[in-house]
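Asks: Have a look at this one before I ask anything.
The values are calculated or read from the model by the stated rules, or taken from the named source; none is laboratory data. Remember, predicted model here, so these are calculated numbers, not experimental data. Please note: Cβ atoms are built from the backbone with ideal geometry, for glycine as well, and neighbour counts cover all protein chains shown. Calculation scope for accessible area: heavy atoms of the full protein, side chains included, ligands and nucleic acids excluded. Shrake-Rupley method; radii C 1.70, N 1.55, O 1.52, S 1.80 Å.
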Amino acid sequence: MKMRKIIIVMLFVILMQIVYGQPSAGCGPTPAPASCLDSLACGAKECVAVYEPLDAAASGTCNSAVAKIMAEYAECLAKCEENFGITCGACETKKEAGLEATFSAYKAAVTTNKELAVATQTGIVKGGSFFLKLIPCSEMINCFMQTPSFIQTAEGLKMARNCLSLQAIKFFLGQVGNIAYEKIDKDADPTEPKTAQAMVEENYQTHSTTVAAGVINTCANNCDKAALTNFVKAQDSAILADPSVRSAMVNAQVNNEEKALEVSKVVMSNNQNYQSAQTMPANAKESLENDPNQAQSQYFAENAQAAKSELDSEAAKAAGQVTTNQVVWTNCPGHRDGACSGQPNCIQDLKDGASQCLTVLPPSSQVDIGFSSLHVIDKKQSSMFTLKGTENEGVVYQQDGFVNIDKGGTTKISVAGQGVSATDANSNQLYIGRGTTTYLGTGSESPETYLTNTFIFNPKSSVAVAAVNQQEQQKLRESRAININRDEKLSLTFDKQKLSLYMNAVDISGFAVNYLILTRGFSNIKLVERDKSFPLASRNNAKGDSLIVKNKDVAISKGYNVNDGTYNYIIKTAGSSTKVFAENGKTIEDSSPMSSEVSPRQQILLYKDAFT
């Protein structure tokens, strides 16, 4: 009987060892906190990563303790049966107490471990340190949404750009773009479509030319054009002035009228400072501008004042950054200057069509750009170039100080200062006086023609011409030629060997021996030497000018043929003076003083008069 009880006890002990040798339900494992189990929650992966190893360790410790307790319990039962069950109650009590203490310790560990895991998750969310870890895409959106002010870093934007939705990136940029721009500019990838689109739609103001150019290029064909234009307007002028950004704007065909003036000034700020070329000889300028004819001098003064008023008006608009025309950046296709051609350095007026390369102008301290039409305003020289026509590629300030006028469209030159030194596509070097002169280029009604209400000097031919006031023109009968322009201004051409179809016209053509001067209508002409000049006048016919009295002994260095359509004159030096010869060879004008010698006939007459 006793042997039978022992066998039963041994079987019970073996059963307990089998049961309690397995993990105990009271020892877990216990699931991670609920916030860690949400796969979309920010930091969930890190939370689980912290919690599960701690719980596994605590659960293992608990199970080991339970196994030990149950082994001791089985051993206790075996002994108590030998004593006929007298001490078995104590075994049960010890077991229950041991299990309770073990399970309590495990529960306490679970609580502590959950707190550590949640604290880790909370710290990740609040501190933004999730950006330094490999966050799953499933969590990334929630991370951004929970922590809009996360941070001092934006590595996450770089890591997560393939994870985040457009709305999440926009939310992020809207919340922290103004305080974390340095990191965003460093880590953001503007070539990633969602990032670029979010920056455009959020009007993100970048401080990086790389980001600005990248966003514009990426969005050129993928974003709303109005939104892209607003993005460009949101950028600082220094960013927009960068060549890579301007190139992107050209490629995307983005207009930026509101900042065109400001950006132009930034582009021009580092331009080379050009020197002014020599001007018209003082004696010629003074005699032309201060004509003894009071009406003529008043005419010049009024024209100069009108030019000044126009210049001042446009300068005020430019200073106030007033833009009335639509302008765009272009790549200066086929520009005559190598610094411009193919580069995003030109700005084009879409209304009148003309363009201007900014890198061939003096710095913005000297020159302004105006956009009521396309104006180049030279503050230093008190002059202005107004550009019109799609063929017009603007002016180029040259190293020699001359301003090169483009061959296309029209270029209006308003001069209020001492004058402008200019060249054209045919290498004509000119000094243009105070007033208004318009160069008509290709695409106009009379190409390669200057229309002026002031005076123009051509150093190569030593010829200066000046427009004549309306009052003077009315003294004589006008030319009755048909199909002729009755404009009061003087038309000047070079090397045409014919006159343009204007009432008042002069053409100067150069030949190996003499220059040919053709005239029609009304103009004042001077053959300019270093210290003196030989005056002519055209009043329907070319003729000598009374100013010859003040310009005696002028020896010109060149020869001229002058043809007014009716008469042909030859002008050349004879000794120390200049003479005008008719076609028959007779002298009709001479700059030499009158001779004091008397002829024999004059001697007889003088003698006779003295004794009668």
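Asks: Could you grab me the full set of residues in the range 567-588 that are surrounded by fewer than 14 Cβ atoms within 10 Å (Cβ to Cβ) and among the small types (Gly, Ala, Ser)?
Replies: Answer for the range 567-588, where residues must be surrounded by fewer than 14 Cβ atoms within 10 Å (Cβ to Cβ) and among the small types (Gly, Ala, Ser): Ala574, Gly575, Ser576, Ala582, Gly585.
Asks: Right, another one. Test of understanding: among Gly394, Gly408, Gly389, which residue is farther than 20 Å from Leu311 by Cβ and either of a type in the set (Val, Ile, Thr) or open to solvent by less than 10 Å² (accessible area, probe 1.4 Å) (or both)? So that I can check it myself, show each step before the final result.
Replies: On the way: Gly394 fails: farther than 20 Å from Leu311 by Cβ; Gly389 fails: either of a type in the set (Val, Ile, Thr) or open to solvent by less than 10 Å² (accessible area, probe 1.4 Å) (or both).
When all the criteria are applied, what remains is Gly408.
Asks: Could you look through the range 535-546, keep only residues that are assigned to a strand (DSSP E or B) and polar (S, T, N, Q), and pick out the one that is farthest from the chain's Cα centre (by Cα)?
Replies: Within the range 535-546, the first condition is being assigned to a strand (DSSP E or B), and the residues that meet it are 535-539, 541-544.
Now narrow it down to the ones that are polar (S, T, N, Q): 538, 541.
Working: Ser538: 49, Asn541: 53 Å.
Checked the range 535-546; the qualifying residue farthest from the chain's Cα centre (by Cα) is Asn541.
Asks: List the pairs whose first member sits in the range 351-364 and is closer than 15 Å to Leu387 by Cα, whose second member is polar (S, T, N, Q) and open to solvent by less than 30 Å² (accessible area, probe 1.4 Å), and whose Cβ atoms are under 7 Å apart, counting only residues at least 6 apart or on separate chains?
Replies: Short answer, once both residue conditions are applied: Lys351/Asn325; Asp352/Ser373; Ala354/Asn392; Ser355/Thr330; Cys357/Asn345; Leu358/Ser264; Leu358/Asn345; Leu361/Asn271.
Asks: Output the number of residues of the range 513-534 satisfying the condition of being under 22 Å from Ser576 (Cα atoms) and not in a strand (DSSP E or B). Talk me through it step by step, then tell me what you get.
Replies: First pass over the range 513-534, keeping only residues under 22 Å from Ser576 (Cα atoms): 513-515, 525-534.
Then drop every residue that is not not in a strand (DSSP E or B), which leaves 513, 529-532.
The number of residues fulfilling the criteria is 5.
Asks: Looking only at the range 357-374, how many residues end up being in a strand (DSSP E or B) and either within 18 Å of Asp424 (Cα to Cα) or aliphatic (A, V, I, L, M) (or both)? So that I can check it myself, show each step before the final result.
Replies: Of all residues in the range 357-374, those in a strand (DSSP E or B) come to 357, 367-371, 374.
Next cut, either within 18 Å of Asp424 (Cα to Cα) or aliphatic (A, V, I, L, M) (or both) only: 357, 367, 369, 374.
Number of matching residues: 4.
Asks: I would also like to ask the following. If I go through the range 86-111 residue by residue, how many of them are modelled with pLDDT under 85 and surrounded by 13 or more Cβ atoms within 10 Å (Cβ to Cβ)?
Replies: 2
Asks: Only one of (1) touching a Gly at 6+ places or on another chain (Cβ under 8 Å); (2) open to solvent by less than 50 Å² (accessible area, probe 1.4 Å) is not met by Lys317, so which one is it?
Replies: (2)
Asks: Still on this structure: Looking at the range 462-478, which of its residues are surrounded by fewer than 20 Cβ atoms within 10 Å (Cβ to Cβ) and part of a loop (DSSP other than H, G, I, E, B)?
Replies: Hits for the range 462-478 are Gln474, Lys475, Leu476, Arg477, Glu478.
Asks: Return the residue satisfying two criteria in turn: it lies in the range 230-271 and is of a type in the set (S, T, N, Q) and crowded, with 20+ Cβ neighbours inside 10 Å, and of such residues it is nearest to Ala196 (Cα to Cα). Walk me through how you get there before you give the answer.
Replies: Here is the first cut: in the range 230-271, the residues of a type in the set (S, T, N, Q) are 230, 235, 237, 244, 247, 251, 253, 255-256, 264, 269-271.
Those still in the list that are crowded, with 20+ Cβ neighbours inside 10 Å too: 235, 256, 264.
Values: Gln235: 14, Asn256: 19, Ser264: 26 Å.
So the residue we want is Gln235.
Asks: Determine if the range 143-157 includes at least one residue that is under 30 Å from Ser39 (Cα atoms), aliphatic (A, V, I, L, M) and modelled with pLDDT of 70 or more. Walk me through how you get there before you give the answer.
Replies: The first filter runs over the range 143-157 and keeps only residues under 30 Å from Ser39 (Cα atoms), leaving 143-157.
The next check asks that each one be aliphatic (A, V, I, L, M); those that pass are 145, 151, 154, 157.
Restricting the remaining residues to those that are modelled with pLDDT of 70 or more gives none.
No, the range 143-157 contains no residue that is under 30 Å from Ser39 (Cα atoms), aliphatic (A, V, I, L, M) and modelled with pLDDT of 70 or more.
Asks: Hey, another quick one. Quick one: is Ala58 over 25 Å from Ile124 (Cα atoms), among the hydrophobic types (A, V, I, L, M, F, W, C), assigned to a helix (DSSP H, G or I) and touching a residue at least 24 places away in the same chain (Cβ under 8 Å)? Talk me through it step by step, then tell me what you get.
Replies: On the way: over 25 Å from Ile124 (Cα atoms): no; among the hydrophobic types (A, V, I, L, M, F, W, C): yes; assigned to a helix (DSSP H, G or I): yes; touching a residue at least 24 places away in the same chain (Cβ under 8 Å): yes.
No, not satisfied.
Asks: Check Lys126, Lys114 and return the single one that is within 60 Å of the chain's Cα centre (by Cα), among the basic types (Lys, Arg), at pLDDT below 90 and closer than 29 Å to Leu37 by Cα. Lay out the reasoning, then the answer.
Replies: Values: Lys114 fails: at pLDDT below 90.
After ruling out the rest, the residue left standing is Lys126.
Asks: In addition: Taking Lys489 as meeting all but one of (1) more than 29 Å from His335 (Cβ to Cβ); (2) open to solvent by less than 30 Å² (accessible area, probe 1.4 Å), write down the number of the exception.
Replies: Only one criterion is unmet by Lys489, namely (2).
Asks: Now a separate question. I need the full set of residues from the range 331-351 which are open to solvent by 20 Å² or more (accessible area, probe 1.4 Å) and either over 25 Å from Val415 (Cβ atoms) or at pLDDT 90 or above (or both), in order please. Reasoning before the result, please.
Replies: Keep residues of the range 331-351 that are open to solvent by 20 Å² or more (accessible area, probe 1.4 Å), which gives 331, 333-334, 336-339, 341-343, 348, 350-351.
Hits for the range 331-351 are Asn331, Pro333, Gly334, Arg336, Asp337, Gly338, Ala339, Ser341, Gly342, Gln343, Gln348, Leu350.
Asks: Would you mention how many residues in the range 550-569 are more than 55 Å from the chain's Cα centre (by Cα) and either over 22 Å from Met280 (Cα atoms) or at pLDDT 85 or above (or both)?
Replies: The initial filter retains those residues of the range 550-569 that are more than 55 Å from the chain's Cα centre (by Cα), namely 552-553, 566-569.
If we keep only those that are either over 22 Å from Met280 (Cα atoms) or at pLDDT 85 or above (or both) as well, we get 566-569.
Qualifying residue count for the region: 4.
Asks: Any idea which of Thr438, Thr423, Thr452 is among the β-branched types (Val, Ile, Thr) and over 24 Å from Ala282 (Cβ atoms)?
Replies: On the way: Thr423 fails: over 24 Å from Ala282 (Cβ atoms); Thr452 fails: over 24 Å from Ala282 (Cβ atoms).
Result of the check over Thr438, Thr423, Thr452: Thr438.
Asks: Oh, and also: Check Ser276 against each of (1) modelled with pLDDT of 90 or more; (2) among the hydroxyl-bearing types (Ser, Thr, Tyr); (3) surrounded by 13 or more Cβ atoms within 10 Å (Cβ to Cβ) and name the one condition it does not meet.
Replies: (1)
Asks: Also: Evaluate the range 363-385: report whether one residue or more is under 17 Å from the mean Cα position of the chain (by Cα), more than 30 Å from Gln471 (Cβ to Cβ), open to solvent by 10 Å² or more (accessible area, probe 1.4 Å) and among the aromatic types (Phe, Trp, Tyr).
Replies: No.
Asks: Being over 21 Å from Val403 (Cα atoms) and either of a type in the set (Asp, Glu) or assigned to a strand (DSSP E or B) (or both) is the filter here; which residues of the range 307-356 pass it?
Replies: The answer is Val327, Val328, Trp329, Thr330, Asp352.
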